[in-house]
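Here is the structure we will look at, set down as structure tokens.
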Amino acid sequence: MLYQDTVESEALVHRPWFVASIFAVVFAAFLAVNLTGTSFGEVMRPIIGDPLQSGAYGRFAIALVLAIIFSVNIVLIGFAPLKVQIGIVWAELLLLFLAFFQSFDLSIPFIWENLPYLITQGVVTTIYVSAVSLIFASILAIIAAVAKLSSNGFAYAIAAFYTSFFRGLPLLMQIYLIYLGLPQLGIVLNAVPSGILALSLCVGAYMTEIFRAGIQSIDRGQWEASRSMGFGFGLTMRRIILPQALPVIIPPMGNTFISMLKDSSLVSVLGVWELTFLARTIGQPTFHHMEMLIAASMIYWIMSACLEVGQSRLERYFRRSKVR
């Protein structure tokens, strides 16, 4: 929400036309899917009889009940305060996801048995690769951004070529080129350094444009005033320009880091024992693929959620001077 609305108006979910539209759409969606063979079909057995023998009547009754439940749920949630609405919707979506995963008939003991190893080996390696790559990518991005903003044609051309080339190639292709191509030049890198180098170069190219846009968002008068006071280039950037540009830079930079965290799974093709590689390797011998893939997915989601919280806190910290 951009600003708190001070105009009192009826909530959208309490307007009859909106509720009727939602009901019609949900009813049509559930009617198009045969849910008589599901657990909800068994719940409806007292009404429709044997779900598998109920035919069109069973599908109609199940779709009607689900549409009514969905519509009433939306209307009731609309009466709650904003934060309560968010909490209820998150809880309901989480329960739906858990019910969906449960439909795979997962072996929970197998997940709990291998979860500690996924965390101590896979998560640690994933965070290590992502964090180191982020540091190098940030350094490259700052240098390239300053070069693209300079009046030096040589520096601008190198930075522009760098961003164009590494944003134009798929990350997986860059990983292969570094890991398999550099040995032909006599430069042999192990799997982890190759993955870090590829991630740093690729993500650094994207972050270059983030830093460039953030720096250019600061009024030129700030730069001219600091230079007129005798501040050098480095001091001007460090004390005047970058502190003001950070509120603009942090949101896309946080998104880039979250994306990097997930893109680090691509280094699994090199045999790096990160989270995706371990999930695939552990589940393969016993054919518990879904157990390990779902467990790894939940871990990725939790790590991404933690980064989102950290990003929001940083945004509030650097935006505190603009809060009215």
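The values are calculated or read from the model by the stated rules, or taken from the named source; none is laboratory data. What you are looking at is a predicted structure, and each value in this text was computed from that prediction instead of being measured. Methodologically, a virtual Cβ is constructed for each residue, glycine included, from the backbone with ideal geometry; neighbour enumeration extends over all protein chains shown. We work out accessible area using only protein heavy atoms, side chains counted, and drop any ligands, DNA or RNA first. Shrake-Rupley method; radii C 1.70, N 1.55, O 1.52, S 1.80 Å.
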Exercise. Calculate what fraction, in whole %, of the accessible area of the chain sits on carbon and sulfur atoms when a 1.4 Å probe is rolled over the protein chains.
Key: 69
Exercise. Calculate the spin-label point distance for Ala305 paired with Ile187, positioning each point 7 Å from the Cα along the beta-carbon direction, and give it in nanometres.
Key: 4.1
Quiz item: If contacts are Cα pairs under 8 angstrom and at least 6 residues apart, what is the relative contact order of the chain in percent?
Solution: 17
Quiz item: Going by accessible area, probe 1.4 Å, with all protein chains left in place, what is the ranking of Cys306, Cys202, largest first?
Solution: Cys306, Cys202
Quiz item: What whole-number value in Å² describes the accessible area per residue of segment 146-240 for a 1.4 Å probe?
Solution: 58
Self-check item: Pairwise FRET efficiency - Ile139 versus Asp219, Cβ, R0 = 25 Å, nearest 0.05
Solution: 0.40
Practice problem: Compute the accessible area per residue over segment 63-108, keeping the other protein chains in place, probe 1.4 Å, unit Å². | Solution: 72
Quiz item: Can you give me the relative contact order of segment 176-308 as a percent, contacts being Cα pairs under 8 Å and 6 or more apart?
Solution: 21
Practice problem: For Arg227, put the label point 7 Å out on the Cα→Cβ axis and report which residues of segment 145-179 keep their amide N under 19 Å from it. | Solution: 145-157
Practice problem: Tabulate in residue order the Karplus-calculated ³J(HN,Hα) for segment 68-75, using 6.51 cos²θ - 1.76 cosθ + 1.60 with θ = phi - 60°, rounded to whole Hz; enter x for Gly and Pro. | Solution: 5, 4, 5, 5, 5, 4, 5, 5
Quiz prompt | Distance-filtered residues of segment 151-194 - backbone nitrogen under 20 Å, label point 7 angstrom along Glu209 Cα→Cβ | solution = 156-175
Self-check item: Contact order relative to length of segment 63-215, as percent, for alpha carbon pairs under 8 angstrom and 6 or more apart
Solution: 28
Exercise. Output the peptides 87-99, 171-183, 231-243 sorted from most to least packed, where packing is the average of other Cβ atoms within 10 Å over each peptide's residues.
Key: 171-183, 231-243, 87-99
Quiz item: Relative to the longest principal axis of the chain, what angle (0 to 90°, nearest 10) does the C-alpha long axis of helix 108-117 take?
Solution: 10
Exercise. Would you kindly find the accessible area of Arg319, with a 1.4 Å probe and non-protein molecules such as ligands, DNA and RNA excluded, rounding to the nearest 10 Å²?
Key: 100
Practice problem: For every helix of n ≥ 4 consecutive DSSP H residues, a contribution of -39,500 (n - 2.57) applies; sum these over the chain, divide by its total residues, and give [θ] at 222 nm rounded to the nearest 500 deg cm²/dmol. | Solution: -23000 deg cm²/dmol
Quiz item: Pick the calculated log10 I(q)/I(0) by the Debye sum over Cα atoms at q = 0.09, 0.14, 0.15 Å⁻¹ for this structure from (1) -0.75, -1.17, -1.22; (2) -0.46, -1.07, -1.20; (3) -0.66, -1.19, -1.28?
Solution: (1)
Quiz item: In nm, to one decimal, how far is the Arg316 label point from the Ile69 one, both placed 7 Å along Cα→Cβ?
Solution: 3.6
Quiz item: Using the beta-carbon distance between Val43 and Leu180 and R0 = 51 Å, what value does 1/(1 + (r/R0)^6) give for FRET efficiency, to the nearest 0.05?
Solution: 0.35
